[in-house]
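S.K.: Next up is a structure, given as structure tokens.
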Amino acid sequence: MKERLIFGYDPFVLPFLIGMIFIIAYLLVGTVRIILSLNNNEKKQLFRIFIPVNAYKIVKDIILDCLLHVKIFKRNLLLGYMHSSIAFGWFMLIVLGHIEVMLFTPQRNGIFYYPIFFRYFVMETEETLQGAFFFFVMDFFLLIILSGIALAIYKRFRSHRLGMKQTTKLRLGDNIALYSLWLIFPLRLLAESFTADISGGSFITKGINDLFHSFVSNPANTLPVWWAYSCALGLFFFTLPFSRYMHIPTEILLIVLRHVGINATSLRDGYSEAEIYSCSRCGICIDACPMSFEKKDVKFTSVYFIRLLRRREIAEQPADLCLMCNKCVEVCPVGIDSTKLKLICREINNGAISFDYTPVKYNSPLKREKLLYYGGCMTNLTPSISTAISKILDKAEISYVHLDKDQTICCGRPLLLSGNLKGARELINKNREAIISSGCTTLLLSCPICYKMFKEEYDLKGIEVVHHSVYINNLVKSKRIVLKKTTDTCVYHDPCELGRGSGIYEQPRELLSSMMLLKDSPLQNNESICCGGSLGSISMPFAKRKIITGGSLDNLLTNDPDLLVTSCPLCLKTFTPLNSKRTADIAQVVSEQMIN
Amino acid sequence: MTEFGFKLSQSNRIDLDETDNSVFKKVAIIVPDIKLCFNCGSCSASCTSTHFKRVSFRSAILLLNRGHNKEAISMLKSCMLCGKCILVCPRGIDTRNIIINILKAEEEMK
Ligand code: SF4
Ligand code: SF4
Ligand code: SF4
Ligand code: SF4
């Protein structure tokens with residue numbers, strides 16, 4: 001293989017070249033801006049990329065997430081194939097193009113455009129067999145990309161065929177970028193086919209060349225196609241910053257920032273900025289969000305919230321409405337913590353409200369016991385749960401103190417989620433003081449909202465914080481209580497704060513299975529749908545909550561169980577009025593199944 | 001003249017022209033739910049905070065409607081946003097959102 005053109009240059013490379021220079025400059029400036037907006041501590045943290053473990057993790061994540069899109073694969077094979085075929089295929093074309101230049105025209109090493117338009121500048125010689133391998137792999141990866149593009153086009157018009165009920169709506173910048181991206185590879189195929197009889201090709205490029213020989217081998221047709229290919233590339237690079245495809249370069253930066261331990265602290269610091277631009281608008285969070293049960297509320301889902309932030313528009317409404325059920329965060333293939341960003345929005349809006357908790361305090365001094373039970377506000381409203389707990393503890397002959405039998409001080413999580421940290425701190429301190437002075441070693445909780453709060457925000461050193469579903473399961477395993485079996489069947493609802501929030505999925509299921517047949521529901525464990533009662537939402541009206549409760553119930557009752565069991569007083573209270581079957585807390589079920 | 005013991009007592013009537021229910025109106029634009037309250041008192045009866053200080057959502061709404069903004073706000077200052085009142089309200093009123101907006105209106109008045 002040798003050079004066909006003496007100067008190795010043709011004006012058609014210009015659109016590509018200018019676009020490339022533009023985008024490289026743009027990305028450099030962007031990266032520097034993000035790094036500058038980190039505070040001093042975070043800048044120091046950046047040096048952690050040189051620690052081998054971190055470097056290894058960063059490289060691994062970049063390959064798995066940015067190139068192979070493994071997380072999307074895990075959710076949806078076709079969608080994963082679509083993303084990874086384009087990303088990985090394109091990456092391989094670039095790498096192989098460079099290798100070709102190094103091998104066959106080393107004098108052109110380092111010229112930006114040369115590997116991209118290699119096929120235009122070279123011609124076959126006698127020893128072409130050396131290049132045959134490359135002809136084949138290049139054609140192979142091009143084919144892979146083209147199949148991905150075909151899927152992408154199909155998805156745009158028929159998203160449900162790829163297992164997605166909804167796909168994101170686009171604006172001008174996105175559309176231009178999208179269409180130019182779709183055009184790049186068919187044009188590359190055409191362009192390379194046109195020159196396949198000069199510079200060589202493999203099964204598709206050569207094939208097309210043979211098939212339409214008279215048309216494609218007409219030199220007058222060749223140059224316009226190469227121009228078109230170059231223009232499509234240039235256009236793509238120029239619209240990249242104004243489109244969702246900014247996620248391609250930004251995600252790499254996000255992975256780096258994440259692995260050195262930087263986190264979002266304001267809406268526009270380096271990390272959140274990187275998060276906002278890393279969203280590929282893949283739309284996976286749309287179907288996941290319970291708000292999308294109502295078509296018109298799709299606009300409040302995380303993808304659109306992030307887009308509002310990116311455009312610096314007011315994002316208060318979706319931030320306030322969100323249930324904070326965290327499902328979108330759980331499924332996001334990029335790992336964008338959108339609920340954290342929403343919380344920051346709320347802190348800006350509600351952080352200044354001054355609550356007054358001076359008169360708030362527990363009045364009776366407590367008896368000292370090893371076990372302290374705190375029901376919290378919600379259990380106060382569902383006394384069936386605390387009654388069941390007391391029955392179970394009595395049966396197991398465990399003495400305990402009920403901290404908030406007559407008066408509760410809220411754990412502070414609702415305040416925290418409303419964005420009022422100051423108020424939440426005050427309540428935390430009051431509860432913390434009472435708990436520590438009680439001298440207990442175990443704090444038993446019935447409400448997952450409290451559980452998460454006590455675990456994460458209370459700093460209760462030396463005190464084991466445990467949710468009743470886990471505690472009771474341990475009582476059964478250690479034979480402190482004995483349960484009988486029933487022929488009833490049940491389904492278990494994972495409360496958001498206990499499942500996704502605290503990672504407790506197994507123990508409640510183990511406990512239930514020891515009493516009755518536990519049926520599955522299509523979406524469970526980390527995919528469970530919020531009951532709709534979540535206190536995480538500040539502004540969701542009753543009518544909307546009801547629709548979500550209905551949708552969540554539909555999912556749970558798919559396999560027609562006799563009983564819906566949950567382990568959260570708020571879920572219990574929310575489901576009960578709308579459920580045609582019986583709803584019960586796991587503690588209630590246990591207390592009914594105990595053998596004396 | 002014989003004193004019969006009758007005298008005119010001061011009017012208890014609320015002069016609607018002079019009532020400053022601006023806060024109520026302001027909040028009603030953001031959360032129209034506020035107009036649904038029929039003062040049943042379920043919210044106050046179940047309130048977590050009222051054990052410590054008189055916190056009453058029901059009274060606060062009544063007071064706001066009559067223009068007693070200060071008293072209304074002082075009645076919500078110790079709310080913990082725990083959400084019990086949402087769950088018991090027979091009218092399905094989004095109480096916490098109203099409370100937050102009333103308190104925000106107060107911050108703005110300062
Ligand atoms: S937030 Fe995550 S899941 Fe949602 S569109 Fe963006 S990348 Fe996809
Ligand atoms: S946290 Fe839940 S309700 Fe909020 S946007 Fe995510 S999925 Fe939707
Ligand atoms: S949210 Fe406030 S007003 Fe309502 S019950 Fe809780 S403390 Fe009382
Ligand atoms: S429970 Fe509802 S309707 Fe009754 S007083 Fe409270 S807010 Fe009004």
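The values are calculated or read from the model by the stated rules, or taken from the named source; none is laboratory data. It should be emphasised that the depicted structure is a prediction, and the values quoted were computed from it without experimental measurement. Virtual Cβ from ideal backbone geometry, glycine too; neighbours counted across all protein chains shown. We work out accessible area using only protein heavy atoms, side chains counted, and drop any ligands, DNA or RNA first. Shrake-Rupley method; radii C 1.70, N 1.55, O 1.52, S 1.80 Å.
S.K.: Would it be correct to say that A:K370 is within 14 Å of chain B (Cβ to nearest Cβ) and surrounded by fewer than 17 Cβ atoms within 10 Å (Cβ to Cβ)?
M.R.: For A:K370, the condition - within 14 Å of chain B (Cβ to nearest Cβ) and surrounded by fewer than 17 Cβ atoms within 10 Å (Cβ to Cβ) - is not met.
S.K.: Which residues, counting only those in segment A:510-544, are more than 27 Å from A:M291 (Cα to Cα) and open to solvent by 30 Å² or more (accessible area, probe 1.4 Å)?
M.R.: Selection gives A:E510, A:S513, A:S514, A:L517, A:L518.
S.K.: Tell me, which helices (runs of 4 or more DSSP H) lie completely within segment A:501-596 with 3 or more residues that are over 28 Å from A:R480 (Cβ atoms) and not assigned by TED's automatic domain parsing to the domain that holds A:I385?
M.R.: Helices (runs of 4 or more DSSP H) meeting the threshold: A:542-556, A:569-575.
S.K.: For B:C37, are the conditions met, namely being over 30 Å from A:I428 (Cα atoms), surrounded by 17 or more Cβ atoms within 10 Å (Cβ to Cβ) and either within 16 Å of ligand 1 (Cβ to nearest atom) or at pLDDT 90 or above (or both)?
M.R.: Criteria met by B:C37.
S.K.: Could you identify the single residue in A:A274, A:A319 that is under 28 Å from A:V256 (Cβ atoms), open to solvent by less than 10 Å² (accessible area, probe 1.4 Å), assigned to a helix (DSSP H, G or I) and within 14 Å of another protein chain (Cβ to nearest Cβ)?
M.R.: A:A319
Residues checked against (1) of a type in the set (A, V, I, L, M); (2) farther than 22 Å from B:I99 by Cβ; (3) free of Cβ contacts under 8 Å to residues at least 12 places away in the same chain:
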site	(1), (2), (3)
A:I385	yes, yes, no
A:S390	no, yes, no
A:H402	no, yes, no
A:L415	yes, no, no
A:L443	yes, yes, no
A:C450	no, no, no
A:E464	no, yes, no
A:H467	no, yes, no
A:V470	yes, yes, no
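S.K.: Right, another one. Applying the selection to segment A:405-434, what residues are surrounded by fewer than 23 Cβ atoms within 10 Å (Cβ to Cβ), more than 9 Å from chain B (Cβ to nearest Cβ) and not in a helix (DSSP H, G or I)?
M.R.: Hit for segment A:405-434 is A:K405, nothing else.
S.K.: Just for helices (runs of 4 or more DSSP H) wholly inside segment A:1-117: which have at least 2 residues that are over 28 Å from A:G283 (Cα atoms)?
M.R.: So the answer is A:14-36, A:40-46, A:52-61, A:77-104.
S.K.: To continue, here is another question. Among the residues of segment A:568-583, is there at least one that is touching a Lys or Arg at 6+ places or on another chain (Cβ under 7 Å) and within 28 Å of A:L393 (Cβ to Cβ)?
M.R.: no
S.K.: When you check B:V31 against the structure, is it within 13 Å of chain A (Cβ to nearest Cβ), aliphatic (A, V, I, L, M) and within 23 Å of A:K546 (Cβ to Cβ), yes or no?
M.R.: Here the answer is yes, as B:V31 does meet what is asked.
S.K.: Would you say A:I111 is open to solvent by less than 20 Å² (accessible area, probe 1.4 Å) and either at pLDDT below 90 or farther than 23 Å from A:C231 by Cα (or both)?
M.R.: no
S.K.: Please verify whether A:R312 is on the phi > 0 side of the Ramachandran plot and surrounded by fewer than 16 Cβ atoms within 10 Å (Cβ to Cβ), treating the condition exactly as stated.
M.R.: Answer is yes for this residue.
S.K.: Something else now. So, of the residues in segment B:97-110 that are more than 7 Å from chain A (Cβ to nearest Cβ) and surrounded by 21 or more Cβ atoms within 10 Å (Cβ to Cβ), which turns out to be farthest from ligand 2 (Cβ to nearest atom)?
M.R.: Of everything passing the filter in segment B:97-110, B:I102 is farthest from ligand 2 (Cβ to nearest atom).
S.K.: Now, a different point. Filter segment A:403-440 for residues that are of a type in the set (D, E, K, R) and over 33 Å from the mean Cα position of the chain (by Cα) and give the result.
M.R.: A:D404, A:K405, A:D406, A:K430, A:R432, A:E433
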